[in-house]
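These notes concern the structure reproduced below.
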Protein chains: 4
Amino acid sequence: MRMTVRIAVAGASGYAGGELLRLLLGHPDIEIGALTANSSAGDKLLKHQPHLLPLADRDLQDTTVETLKGHDVVFLALPHGHSAALAEQLGDDTVVIDCGADHRLTSADDWKRWYGGEHAGTWPYGLPELPNGRDALVGARRVAVPGCYPTVSSLALAPAVDLIEDEVVIVAVSGTSGAGKSLKTNLLGSEVMGSASAYGVGGAHRHTPEITQNLTAAAGRPIKVSFTPVLAPMSRGILATCTAALKDTAAHVREAYEKAYADEPFVHLLPEGLWPTTNAVLGSNAVQLQVTVDSDLGRLVVVAAVDNLAKGTAGAAVQCMNLALGLPETTGLSTVGVAP
Amino acid sequence: MRMTVRIAVAGASGYAGGELLRLLLGHPDIEIGALTANSSAGDKLLKHQPHLLPLADRDLQDTTVETLKGHDVVFLALPHGHSAALAEQLGDDTVVIDCGADHRLTSADDWKRWYGGEHAGTWPYGLPELPNGRDALVGARRVAVPGCYPTVSSLALAPAVDLIEDEVVIVAVSGTSGAGKSLKTNLLGSEVMGSASAYGVGGAHRHTPEITQNLTAAAGRPIKVSFTPVLAPMSRGILATCTAALKDTAAHVREAYEKAYADEPFVHLLPEGLWPTTNAVLGSNAVQLQVTVDSDLGRLVVVAAVDNLAKGTAGAAVQCMNLALGLPETTGLSTVGVAP
Amino acid sequence: MRMTVRIAVAGASGYAGGELLRLLLGHPDIEIGALTANSSAGDKLLKHQPHLLPLADRDLQDTTVETLKGHDVVFLALPHGHSAALAEQLGDDTVVIDCGADHRLTSADDWKRWYGGEHAGTWPYGLPELPNGRDALVGARRVAVPGCYPTVSSLALAPAVDLIEDEVVIVAVSGTSGAGKSLKTNLLGSEVMGSASAYGVGGAHRHTPEITQNLTAAAGRPIKVSFTPVLAPMSRGILATCTAALKDTAAHVREAYEKAYADEPFVHLLPEGLWPTTNAVLGSNAVQLQVTVDSDLGRLVVVAAVDNLAKGTAGAAVQCMNLALGLPETTGLSTVGVAP
Amino acid sequence: MRMTVRIAVAGASGYAGGELLRLLLGHPDIEIGALTANSSAGDKLLKHQPHLLPLADRDLQDTTVETLKGHDVVFLALPHGHSAALAEQLGDDTVVIDCGADHRLTSADDWKRWYGGEHAGTWPYGLPELPNGRDALVGARRVAVPGCYPTVSSLALAPAVDLIEDEVVIVAVSGTSGAGKSLKTNLLGSEVMGSASAYGVGGAHRHTPEITQNLTAAAGRPIKVSFTPVLAPMSRGILATCTAALKDTAAHVREAYEKAYADEPFVHLLPEGLWPTTNAVLGSNAVQLQVTVDSDLGRLVVVAAVDNLAKGTAGAAVQCMNLALGLPETTGLSTVGVAP
C-alpha cells in the first residue's frame, strides 16, 4: 500500500509551475491539489499550460494561505519576497518547497546587497549532491531549491575545489525559459532566435553569491567566482563552461569526479570523448559532465549540461520533496532526456 | 505479479529507434534486449543516443535474425524494404512492429508506383483511433506503424468524411527529425534554422497514398488528397492544416469530432478558443485538434498537432504493442508534453 | 548630380521602421531626417535598433505633424487608424507611404467588417507586380503598402487566375517578426522556439479580404480565398503554399508564370527542380516562386517565399517611393539574400 | 571613372564562398569572374547558393590554376593545404586572399603541432584593427584572412593587454555556419536546434594558437589563452565572453577601448548599458563590444559580437582586398546588421 501525498502549486501558470506539474503527473505517490496563480487566477490551467492535458479541467485559484493550506506539500514558484509569510502561516504540518530565491543565501548581508530588504532566513539547501548536501534535506519541512545556474556550476566544480586555485571562471549558456514568462522585449522570439547575448556581466547576476557560497562551503576556504550568463536561442537547457587554474597540473582530476558522483543517480560523468549537450538532458533530472585539463595552461575545464526547468528547478524540487518525505529519492524522476 | 516483455529494437541508433527506447524505458512491463544498428554496429549506444543514460553501457549489434530472435517483441526502425524478410524468419512467436513503410499500403499497385519493386504484403495498420481501427490490432502478431503525416492528417479529417466534399487540402509543417539522421545538405542546422521550405510538392510525397487510403476507407468513397509538407526550423512536431469544402455549411462539425474522440485517450479536441501548438505535444502521445468552419467559403478547417517521433512513430508503436499483447493501451504512454 | 530625398520614419522603434531604415541607409539618394516613436520617444534609436550603427546618435522624437513635416517623403509604420489624419495635415507636398492597413482596402464595407470604424479611403496599392499595378504608383503622392501575406499570396496566384477555378487555398508559414514587437506571451522566445501554431484560422485573419481583393481584381471575377497563417520558429520569412483546382489540367501553367514575371526585377520563378526557401530571400526584396501541377488531382500548387519585413513591408515601401519619385525602381534594393 | 576589379572565388559553393559573393555583388568596383568548386563543379551556382539570384546563370567550374588565372584578385575559400601551390602558380600579378588557415601562423612549429605537415609560410595577417595591423595590408599581394574566433577574441582583448595579467579566458558561443557545409551528424538541424554543446575543449581548437599569437604580439609578452568554443542553435554569429585579471583594478579600461577604436570604422564600443547581441551584427562587417570590470574580483570582462561569415571571414577578406588595391577600406562593406 502506498501513501498518497497531496500537493499544491503556487505559481502554476508559469514555467517552473508547469514543469513541477509535468513531473508530478508522473509521480506515483502524488495527488495534485490546489493550483494557484496571480493575474491568471480564474483561468483554466490549460490556457497557460496546454501541454498538461490530464489537468485540462483544472482552475487556477488565488494564491492565498486559505487555498494552499491542508496539503501535505506546497511548492512555491513565486517571485522573491513572498515565501516567508506564506510558509509561516502554513505551519510545520506542511512541507514547503520554495523554488524562489528567498531562503537560499546564508548571509543576510549578501541578501541585502543582491536582493535588497530584510533577509527572510535560510532554509535547507536543495542540492543533495553537494558534499553533505543530503543530510539537511532528509525529513526537512522547508527546502530552498537552488537557482539553475548555481546547480550546474556548483556540481561542475565542487569535486575539484581541493585541486584548484581560489578563482573560477564560469560562462553559462542558457535557454530563455530561465527568465520565465516575463513580457520583455529582449525575450521575444524575434529577438532571441538567431541571436546570442550576455547579461548580468561583470558579476552582476544574482546567482553569483549563491555559486560563491556553495563553492566556498565545499572548499572550506573562500572561492571567487567570475560568472557570465549568455542567452542562446533555445527554450531550455544550460551549458556551463567552468575553468580554474590547477594547483598541480598532474592532479588526478577525472578520479575526483568519478569518486564524487559514483553513487549519485542524477549526476553523470560522461565516458571520455563524449561531451555534454543540453538536448541530451532536456526534460530529465540528469546533469551530464565532462572534464579535461588544458595542459598548456595547467587549467581545469569542466563542461556541464542541465535542464534549467527540470534538475535546475522543478526536478530538484521533486527530488527534495522525496527526501523530505522519506520516499526513494528518484521517485518520479528520470535521467532520460527528450532528444532530438 | 506482472509479466515482463522482452523487446529488441532494430535501428536503435536512429531517431525513431531512440524514441522507442526513451518510451520503453518508462514502460513498466518491458525488459530491453538486443539493440541493433547498421553502420554503427559495434558502437556504444550512448554515442548515438546521449539522452538514454540508463542504457549507457549497451552495445549496438548487427541487425540480423540471430540477434533479434528470442524476444517477445521486435521493433523495426529500418529503411523500407527490410522488414518482410526479417519478419518471416522471426516467425509468429515474435510480435513484429514495423515503423517503416513496407506493410502500410493495401494496394500493390500503389506500392509499386510510390516505392517501386514488389509489395511485401499488408499488415494490420497501427492507427487504432480510425473507425474500427482497433479491432485488427488486438492480439496482432504484425503491425505496420503509420507514417507521421498520415497519422495526424487522417485523425484530423476522418470524423468529417461524411460532411465534406471529395477533395481535401493538407499543408503540414514538420520538424526535421522526420527526415531521420540522413546526412543531406538541406538538413544541416545552418540550412534549416531560420528557414521554411516545402518539399514533395504536387502530390509527390510518399505519404500521400497512405492518407488517401485512410480517408477513403473512412469515407467509404474515394477521397482525393492534396498534400504538401513544409519543413520548419524545429526538431520535432507536425502541425497540419487540413481543409475541405463542406457539403452543408450548417453541418454540426464540432459534434462530429466530439463524438469520434470522446473515448479516445490520446486524441484531444481542444476547448473552443484554444488552438494546437506542437510544443504542447512534444514528447507525448497526444494529438491535439481544433476545428472551425470558414463561413464565407463553407469550408472546414482543422488544425492538428502531433509529435512526429512520439505518437507519429514510436508512441504509436508502443500503443500498438500494448494492444497486440493485451496490455492496457495507454501503458507507458502519456498525454503530457514537454513545454516550453 | 543626384537629388537628395529627405525622409522621415514614424514608428522607427519597431521592426518595420527598423527595416525601412536598414534599407534606406543603403539607398544612394536618401537623407534620413526625423525618426519618431510613441512610448519610446526620447530614447536613443540604438537602444531599439542596435543593428543600425550609422544612426547610433539619433534620438527618437514624438510622432507629431510638426516633427514629420518638411520632409520629401514620410514613411508611416504605425498601428492602424493613425495615417489618414497625419497625411491630411502633411499635405500633398509630402509623399506619404503607409506601411499600415488603413488605405489598402477598396471597400468601405470590408474595412468596417475587418477593422471596424470608418474607412479612411483608398490609396494607390503598392504592389507594382500585379497586373497594371505599376501605373497608379508612378508619381503617386500617397501609397498603401500591402500586407505581407497579401504580397506573397497575390504574386503566387495572380498569373494563374485565368487557369483556375474560383476558390484558392493558402497556408502561409511565417516568422514572428510579422507580429511586431508586441509584448504577448505567445510571442515569447520560449513559446515560439521549437513550436508551430496556426492563428486567425477559418478566414479570421485581416489579410484575407486583401488577398481576395487582389485576386478578384486580377481575375475580373470573384475569387474565394481560404487563408490560414501558421507561426513558425523563425524571425523572418513567409513561405506560402497556394493551391487551386485547374479548369484544364493540360494548362500551360509554367508559361503563364514565365510570361507574367519575365521583366519583373524582384519576382523570380526558380528553375525547375529548385523550390523556394525563406532564408534565400532573407533581407532581400525578392520573391522566389516555384509552380507545379498535381496531376492526380488536376490541382495547381505554387510555393512562394518572401521576407515579410523586406519585400513584405519595408522593401515594398522603398520600391514604391522610387516609383513615386521617378527614381529607378530598384534603387537601394536587392535580390541578394543573407544566407545561411 | 572607376576601375573595375575582376575577381574569382575558389570554393564558391560553400558558406564562405557564398558570403564573399554576397558582399562582392554589392561592391561597386567588382566584376565577378570565375567561380569554382570541388565536387559541385559542373552545377549551376544557384543550386548551392539560392540567395544569389543575380548569379543564377553562373556555372561552377573546376578549381584549377587555368580557371583562376587572369583575374585581378582570387579569393580562396578552400580546406587547408591548398592555397600555397595555387598562389605560387598564379604569380604576383594576382592578389590572392586566402580565407583558409594555411598562412596565418607565424611559427612553423605551431603549424606542425596544430595542423600537421609542412608550414606553407606566413602571409600578411588580415586584421587591420590590431596594433599596426593595417601597415602590412596596404598594397599586399597575399593576405591570410584570420579565423573567425581569433578575429573577435583578439579585437576584444588587444586594447587591454597592458592592463591585464598574462592569462585570459575566452568562451565563444558560435552559430553552426562556422563549421561549413560538412555533412556531420552533430551539425544536423535536428541535433543543433534546441541544444548547446562545447567542442575543442581544453585548448584543443586550432584557433587557440592564432589567438595566442595575436595577443602575444599586441602585448609584447607571452599571453596564455584558455579558449572554449560553444555551438549554439543559430546559423551565424559569435558572441565571445573574454575575461582576464586586471593588474590594477582602478585601471581606466573603458578609455583604453575608446582610444583603440576611436577611428576604426568597423569596431564599435557600445554606449554604457548596452550589450552586444549577434543579430545586431548579422550580415554586417561590424564588431560590437562592451567592457566592464567585475570589481569583486578585479577582473576585466569584455563581450564582443561578430558575424562569423562576414567580418569573421568574407567581410574581412573584402576589407583586405580594398586595402591591398588601394580602394577606400570600407567600400562595399557596412556596419548595418540584418535584424531581427
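Along each principal axis of its Cα atoms, how long is the protein assembly as shown end to end? Whole angstroms, biggest number first, please.
Its Cα atoms span 92, 79, 63 Å along the three principal axes.
With the cut-off at 1.5 for a/c, could you classify segment A:1-75 from its C-alpha gyration tensor as rounded, prolate or oblate? Could the numbers behind the result be given before it?
On the way: a/c = 2.04, a/b = 1.25, b/c = 1.63.
Cα axes put segment A:1-75 in the oblate bin.
Which percent of Cα pairs goes in each bin when the distances of segment B:133-242 are cut into 5 angstrom slices starting at zero?
Each 5 Å bin holds this share of Cα pairs: 2, 11, 20, 21, 17, 13, 9, 5, 2, 0.
For segment D:157-312, report the convex hull volume of the alpha-carbon atoms normalised per residue, in Å³, without decimals.
121
What are the nm distances, shortest first, from D:GLU118 to its equivalents in the other copies, labels at 7 Å along Cα→Cβ?
Copy-to-copy label distances for D:GLU118: 5.9, 8.0, 8.5 nm.
Using a label point 7 angstrom from Cα along Cα-to-C-beta, what distances in nm, from shortest up, separate C:ASP62 from the other copies?
4.1, 7.2, 8.2
What are the distances, in nm and sorted shortest first, from the label point of D:ALA250 to the label points of the same position in each other copy, with each label point placed 7 Å from Cα along the Cα-to-Cβ direction?
Label-point distances to the other copies, shortest first: 4.3, 8.9, 9.3 nm.
Would you tally the net charge around B:ALA84, using a Cβ to Cβ cut-off of less than 13 Å, leaving B:ALA84 out, and scoring K and R as +1, D and E as -1?
Surrounding charge for B:ALA84 is -2.
For B:LYS259, which lysines qualify as cross-link partners when the Cα separation must be under 27 Å and same-chain residues fewer than eight apart are set aside?
Cross-link targets: A:LYS44, A:LYS47, B:LYS224, B:LYS247, B:LYS311.
Below 13 angstrom from the Cβ of B:THR36, what's the summed charge of the other residues (Lys, Arg +1; Asp, Glu -1)? All intermediate terms of the calculation are to be shown ahead of the outcome.
Working: positive: B:ARG58, B:LYS69; negative: B:ASP43, B:ASP59, B:ASP62, B:GLU66.
Cβ neighbours under 13 Å give a net charge of -2.
So, by mean Cβ neighbours within 10 angstrom, what's the order for A:159-171, A:186-198 with the highest one leading?
The densest-packed peptide leads the list: A:186-198, A:159-171.
I'd like the mean, over residues of B:280-288, of how many other protein chain beta carbons sit within 10 Å of each residue's own Cβ.
Average neighbour count from other chains, rounded to a whole number: 4.
For chain A, what is the calculated [θ] at 222 nm in deg cm²/dmol (nearest 500), taking -39500 (n - 2.57) for each run of four or more DSSP H residues and dividing by its residue count?
That comes out to -6000 deg cm²/dmol.
In peptide B:44-51, what is the residue-averaged number of other protein chain Cβ atoms found within 10 Å of each Cβ?
Working: counts 2, 0, 5, 3, 1, 5, 14, 15.
Mean number of neighbouring Cβ atoms from other chains: 6.
How shielded is B:221-228 by partner chains, expressed as the average number of their Cβ atoms within 10 Å of its Cβ atoms? Mind dumping the intermediate values first?
Numbers: counts 0, 0, 0, 5, 3, 11, 3, 7.
Taking all residues of B:221-228 together, the mean is 4.
List the residues whose amide H sits under 5 Å from the amide H of B:VAL5, counting only those 5 or more places along or on another chain, with H placed 1.01 Å from N in the peptide plane.
B:ILE30, B:GLU31
Count the net charge of all other residues whose Cβ sits under 10 Å from the Cβ of B:PRO271, scoring Lys and Arg as +1 and Asp and Glu as -1.
0
Every read-out reported here was derived from the displayed coordinates using simple, explicitly stated rules and does not represent laboratory data. It should be emphasised that the depicted structure is a prediction, and the values quoted were computed from it without experimental measurement. Glycine also receives a Cβ, built like all others from the backbone with ideal geometry; neighbour counts cover every protein chain displayed.
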